[in-house]
Amino acid sequence: MTETITVNETEYPIPADPRVSLLDFLRQHVGLTGTKKGCDHGQCGACTVLVNGMRINSCLSLAVMHGGDSVTTIEGLGNPENPSALQKAFVEHDGYQCGYCTPGQVCSATAMLQEIDNGWPSDASESLEGEVELTADEIRERMSGNLCRCGAYPNIVAAIRDAAKEDAA
Amino acid sequence: MRPFDYQRADGLTHAGQLADADEAAYIAGGTNLLDLMKLQVETPRRLVDINKVGMREIEQTDDGGLRIGALATNTATASHDLVRRNYPVLARAILAGATQQLRNRATTGGNLCQRTRCYYFTNIDQPCNKREPGSGCGAIQGIARLHAILGTSSQCIATYPGDMAVALSALDAKVEIASESGERTVPVRDFHCLPGDTPWRDNVLEAGEIITSVVLPPPVAGRQSYRKVRERSSYAFALVSIASIVEMEGDMIARADLAFGGVAHIPWHDERLSNLLVGQAPDRKLFDKAADLLLEDAQGYGENDFKIPLARRTLHAVLSEATGVDQ
Ligand SMILES: Cc1cc2nc3c(=O)[nH]c(=O)nc-3n(C[C@H](O)[C@H](O)[C@H](O)COP(=O)(O)OP(=O)(O)OC[C@H]3O[C@@H](n4cnc5c(N)ncnc54)[C@H](O)[C@@H]3O)c2cc1C
Ligand code: SF4
Ligand code: FES
Ligand code: FES
């Protein structure tokens, strides 16, 4: 039985060399280059993808450790004809300049909205138990793993707030 | 990254067998180990993947404590109802560390064993007694902003960088460890090692030993907090941090369990502080005495001299807040 990884609903075989990171697997083996490599050390978030719905840094994980897992990349969230609510909001609010960090930002924000639905607290949450209110501080803290060298942060926060409102409506 | 042989363990015994090889390393979340393998700071010949071994549960123990599996992710622990309700200092410490992406992968065992962020340790072109015994310590007389002020040695002044273990130390949690020769339990307070003459040794784990879980004692009364002072307000390692559990009885301090991060090669716990504080009425003079005691043997190395007054002020802030004394 060869093990596979499901990426955006298609199965791919796991590479033979165990050194291949999940990030390099996605970009070079599967050919999905939306996911970006910024630092390759877990520091910038450009490589953020969803694995079984949870956001992780694909650069700090080996493809071989993901047999049977289901990965969603930016390509799996939507496309220009049919963008996700967050993708649309990023466009509307100019949530980027060069765009390099954007796939990671969008994947990260997609998972973040789910985490808030789950009621998971963050370092910025006043209480560990209460409902999470999506303040700018909450967004900034929860998105702190996604750096933007262009400094598009204010518009990223605005885009996320907007998409979240739509989500709730 | 150097080539290695990848093996997946399907149970605890299997993991032990696979690890019984030259230069084998367990891999859990991989967020620390892979980072260091890319830098060739770590060069294991075999990786034993323990993600299919189980040990992910978080469950109550018979005496009302909580057992957290070694493979439970930091996210699972920090968002667990019982942790949030009964051990807020632990939830807060975890949430103050790294990012959501990293915490989603990071595990209890891996977090405890994470290695120092000393810049000389992570750069293989630099001397470092921890990475390469006998090569010297680049940080002493070098760039030492992140480095320790307590319990250092002439061989190494690195800090243990983690947050979670500082809370576990304040809570007096125990680490459960297994190996082919049996099981043992080590208090978190004794799990990490001071550098001494063996700076390469971070903790008491012997080759092949595996952490199976961490056990918290039954919840105690009092106010719990984790205060982390860092270069920016998110996503940075601690310069100084304090995990505290403080209980008041009337005007007296009835409990003061404190642990300190960012100041030593281990989560720093000094029993003498509890002895000094408990049974006393809190005031600024008492907090000063506590800081004097904590920092009695503190030593700075130039760039990190600021940590000594910073630790004092942070302790003041934490104790004032916990006891309701005006600063
Ligand atoms: C950019 C960045 C920022 C970070 N910021 C913070 C921060 O602010 N605060 C903080 O506390 N941490 C921080 N971290 C560190 C992070 O918390 C650790 O990388 C993580 O907790 C390690 O867990 P893991 O499961 O991924 O470990 P792994 O990388 O899988 O393993 C780490 C070590 O533990 C050993 N190990 C793992 N599991 C076991 C076991 N069950 N038994 C025995 N040995 C075991 C491995 O062999 C390895 O030596 C940061 C990391 C990064 C990359
Ligand atoms: S402080 Fe320790 S880890 Fe850093 S260079 Fe010196 S010996 Fe190496
Ligand atoms: S490329 Fe993975 S976090 Fe920067
Ligand atoms: S848009 Fe350029 S890095 Fe974020």
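The values are calculated or read from the model by the stated rules, or taken from the named source; none is laboratory data. It should be emphasised that the depicted structure is a prediction, and the values quoted were computed from it without experimental measurement. For neighbour counting, all protein chains shown are included, and Cβ atoms are generated from backbone atoms with ideal geometry for every residue, glycine included. For accessibility, only protein heavy atoms count, side chains too; no ligands or nucleic acids. Shrake-Rupley method; radii C 1.70, N 1.55, O 1.52, S 1.80 Å.
Listed values, structure above:
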| quantity | calculated |
| --- | --- |
| Exposure rank, largest accessible area first [A:Glu141, A:Glu131; 1.4 Å] | A:Glu131, A:Glu141 |
| Per residue, the convex hull volume that the Cα atoms of the stretch B:76-116 enclose (Å³) | 72 Å³ |
| Surface share of carbon and sulfur [accessible, 1.4 angstrom probe, percent] for chain A | 47 percent |
| Estimated distance in nm for a label pair at B:Asp326 and A:Ser127, the labels positioned 7 Å out from Cα along Cα-to-Cβ | 2.9 nm |
| Heavy-atom SASA rank of B:Arg232, A:Arg27 (probe 1.4 Å, accessible area, largest first) | B:Arg232, A:Arg27 |
| Rounded FRET efficiency, nearest 0.05, which uses the C-beta distance separating B:Met252 from B:Asp288 and R0 of 30 Å | 0.95 |
| Heavy atoms of B:Met164 accessible to a 1.4 Å probe, total area in Å² rounded to 10 | 10 Å² |
| Alpha-carbon centroids, the stretch B:219-244 and the stretch B:94-158: separation in whole Å | 19 Å |
| Apportionment of accessible area to carbon and sulfur, the stretch B:1-56, percent (1.4 Å) | 42 percent |
| Shielded by partner chains, the stretch A:111-125 residues - at least 30 Å² of accessible area, 1.4 Å probe, vs chain alone | A:Trp120, A:Pro121, A:Asp123 |
| Protein heavy-atom accessible area occluded, A/B pair - total, 1.4 Å probe, Å² | 3200 Å² |
| Probe 1.4 Å, accessible area per residue of the stretch B:25-168, Å² | 33 Å² |
| Principal axis dimensions, largest first and in whole angstrom, of the stretch B:5-49 by Cα | 30, 21, 12 |
| 0 to 90° range, to nearest 10: angle between helix B:284-294 axis and chain B longest Cα axis | 30 degrees |
| Per principal axis, descending, Cα span of the stretch B:8-121 in whole Å | 42, 36, 21 |
| Accessible-area ranking of B:Ser233, A:Ser127, B:Ser179, largest first, probe 1.4 Å | B:Ser233, A:Ser127, B:Ser179 |
| Per residue accessible area in Å² of the stretch B:234-323, where ligands, DNA and RNA are left out and the probe is 1.4 Å | 40 Å² |
| Radius, Kirkwood style, for the stretch A:4-77 when every pair of distinct Cα atoms is counted (Å) | 11.8 Å |
| Rounded accessible area per residue of the stretch A:85-168, 1.4 Å, Å² | 49 Å² |
| Paramagnetic reach from B:Glu57 (point 7 Å along Cα→Cβ, amide N under 19 Å) across the stretch B:191-221 | B:211-218 |
| Options B:Ala290, B:Phe306, B:Val318, ranked by Cα towards positive dipole end of the stretch B:234-323, top entry (Cβ charges) | B:Phe306 |
| Length-normalised contact order for chain B - Cα pairs under 8 Å, 6+ apart - percent | 16 percent |
| Alpha carbon convex hull of the stretch B:234-323, projected area averaged over orientations, nm² | 6.0 nm² |
| Residue among B:Ala93, B:Ala221, B:Ala139 with the largest mean-square fluctuation in a Gaussian network model of chain B, springs linking Cα atoms under 10 Å | B:Ala221 |
| Chain A pair-distance distribution - Cα-Cα, 10 Å bins, rounded % | 11, 39, 34, 15, 2 |
| Accessible area (Å², 1.4 Å probe, nearest 10) - A:Arg142 | 10 Å² |
| Relative contact order, percent, the stretch B:50-174 [alpha-carbon distance under 8 Å, six or more residues apart] | 21 percent |
| Cα shape, chain B, gyration tensor, a/c 1.5 rule | oblate |
| Viscosity 0.692 mPa s, temperature 37 °C, Stokes-Einstein D of the protein assembly as shown from Kirkwood C-alpha radius, µm²/s | 139 µm²/s |
| Accessible area of B:Phe4 in the full protein assembly, 1.4 Å probe (Å², nearest 10) | 20 Å² |
